[in-house]
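Beneath this line is the structure, given in structure tokens, with notes to follow.
The values are calculated or read from the model by the stated rules, or taken from the named source; none is laboratory data. Only a predicted model underlies this, so the values are computations on that prediction, with no experimental measurement involved. All Cβ positions, glycine included, derive from the backbone under ideal geometry; neighbour counts span all protein chains shown. Calculation scope for accessible area: heavy atoms of the full protein, side chains included, ligands and nucleic acids excluded. Shrake-Rupley method; radii C 1.70, N 1.55, O 1.52, S 1.80 Å.
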Amino acid sequence: VMAKIAEMAPMDLALTAGAFSRLLVVNEPLMDAIAASSLHSLPEFPPLGLSHIVWACAKLAFAHFPLLDAIAASAQSTIEAFDPQALVSTSWSFARLCLPNLPLMHAIAAQALSK
């Protein structure tokens, strides 16, 4: 898997992180590689991919601050495209990581109220 990380599409990165997190397998070199690759392709991530990758980080207690800050910024700018599940997953994930990004939480709350 490690050799293929740089070649993976954004959703594949998110799903790989999600698979390891569902199994509660903490592989820091793998998550670091996913984070680095995700940072380069973050504008290409769909809302579902953003919510999956931040959920995986939360589930594994993997706080990669540059990635999480970038996800928060990207999520804020595309929040209208988030479905209810992605809103819940994203807000839960940032709360679980104890990273209160107030602009993101306000954007999620506003979008949830509009649905």
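From the list Leu42, Leu30, Leu68, which one is in contact with a Cys (Cβ under 7 Å, 6 or more places away or on another chain), without any contact (Cβ under 8 Å) to a residue 40 or more places away in the chain and part of a helix (DSSP H, G or I)?
Only one candidate qualifies: Leu68.
Take Asp69 and tell me if it is surrounded by fewer than 20 Cβ atoms within 10 Å (Cβ to Cβ) and under 12 Å from the mean Cα position of the chain (by Cα).
Yes.
Considering only region 42-52, state which residues are open to solvent by less than 20 Å² (accessible area, probe 1.4 Å) and under 13 Å from Thr16 (Cβ atoms).
Listed by number, the list holds a single entry, Gly49.
Restricting the search to region 14-27, which residues are of a type in the set (A, V, I, L, M, F, W, C) and part of a loop (DSSP other than H, G, I, E, B)?
Leu23, Leu24, Val25, Val26
Yes/no matrix, rows are residues, columns are (1) modelled with pLDDT under 95; (2) among the aliphatic types (A, V, I, L, M):
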residue: Ala81; (1), (2): no, yes
residue: Ser93; (1), (2): no, no
residue: Arg96; (1), (2): no, no
residue: Leu99; (1), (2): yes, yes
residue: Ala107; (1), (2): no, yes
residue: Ala110; (1), (2): no, yes
residue: Lys115; (1), (2): yes, no
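Residue under question is Ala35, and the condition is that it be over 22 Å from Leu113 (Cβ atoms), in contact (Cβ under 8 Å) with a residue 40 or more places away in the chain and either open to solvent by less than 60 Å² (accessible area, probe 1.4 Å) or in contact with a Cys (Cβ under 7 Å, 6 or more places away or on another chain) (or both); does it hold?
In short, no.
From the set of residues in region 45-61 that are more than 12 Å from Leu99 (Cβ to Cβ) and not in a helix (DSSP H, G or I), which is farthest from the chain's Cα centre (by Cα)?
Leu60
Step by step: first the residues of region 79-102, then only those that are out of contact with any helix residue (DSSP H, G or I) (no Cβ under 6 Å at 6 or more places or on another chain) and part of a helix (DSSP H, G or I), then the one that is least open to solvent (accessible area, probe 1.4 Å). Which residue is that?
The selected residue is Phe94.
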